[in-house]
Amino acid sequence: MVKTKGIKMGKLKGKITEVRFDATFNKGNYESEKIGVTYQSEETEDVFEVIEELRKTVREEKGACKVDEEETASVEVARKQHTSSVEEKVEEVKEEVKKAKKPKAEKAAKVEAVLYDRENPLHKKLLVACLDAKVPTWKSAGKASKAAEVSKALSGKELFLDPKGEVLESFVTLFISSL
């Protein structure tokens, strides 16, 4: 029978035939490693001596793991160096992509000149502002009805805005000369 050195087994009458010892070791960075051993015990063995031997075995294994950890640490350092060089290259590529995109963005920002559209509220506002600045009396003396006729005649036929979105002086001059 397995000796238990005076430990009362209570009402238990069975035999201890297997002993297991596990230990969990903190590896840092919220990681851990579990090492364990299981032992089939003989009837005549002291359970606590077996557990102590198992502890020693696990500690020795942990010692062997320290060598592995040193190798792992050097591999980790190499990985970090590789990762940082890869990250640097990624940043370089991102910068190149940004540089490559800038000319395209400038090209996309360039819009062709826009034809006058009488139905467009923005075009109406811009035209009225130009007329108010150039011919303050355009709304009086029957010129308002003539302005409506000229507006209808020029809608969709003449360039109104330049690529920057500013009203073309040539359009304003043509409009005023047609009043």
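The values are calculated or read from the model by the stated rules, or taken from the named source; none is laboratory data. Given the structure is predicted, the values throughout are model-derived calculations rather than measurements. Cβ sites come from the backbone with ideal geometry, for glycine too, and all protein chains shown count toward neighbours.
Residue count for the stretch 112-141 satisfying the condition of being over 47 Å from the mean Cα position of the chain (by Cα) and either part of a loop (DSSP other than H, G, I, E, B) or surrounded by fewer than 13 Cβ atoms within 10 Å (Cβ to Cβ) (or both): 9. When Ala144 is tested against the conditions (1) surrounded by 16 or more Cβ atoms within 10 Å (Cβ to Cβ); (2) of a type outside the set (Ser, Thr, Tyr); (3) out of contact with any Ser or Thr (no Cβ under 8 Å at 6 or more places or on another chain), the lone failure is (1). Contact map, the stretch 149-161: first residue more than 11 Å from Val172 (Cβ to Cβ), second residue exposed (fewer than 15 other Cβ atoms within 10 Å of the Cβ) and at pLDDT below 90, Cβ cut-off under 6 Å, separation 6 or more or different chains; pairs are Val150/Ser178; Leu159/Ala113. In the stretch 10-35, the residue that is modelled with the lowest pLDDT out of those that are within 18 Å of Asp46 (Cα to Cα) and in contact with a helix residue (DSSP H, G or I) (Cβ under 7 Å, 6 or more places away or on another chain) is Ile16.
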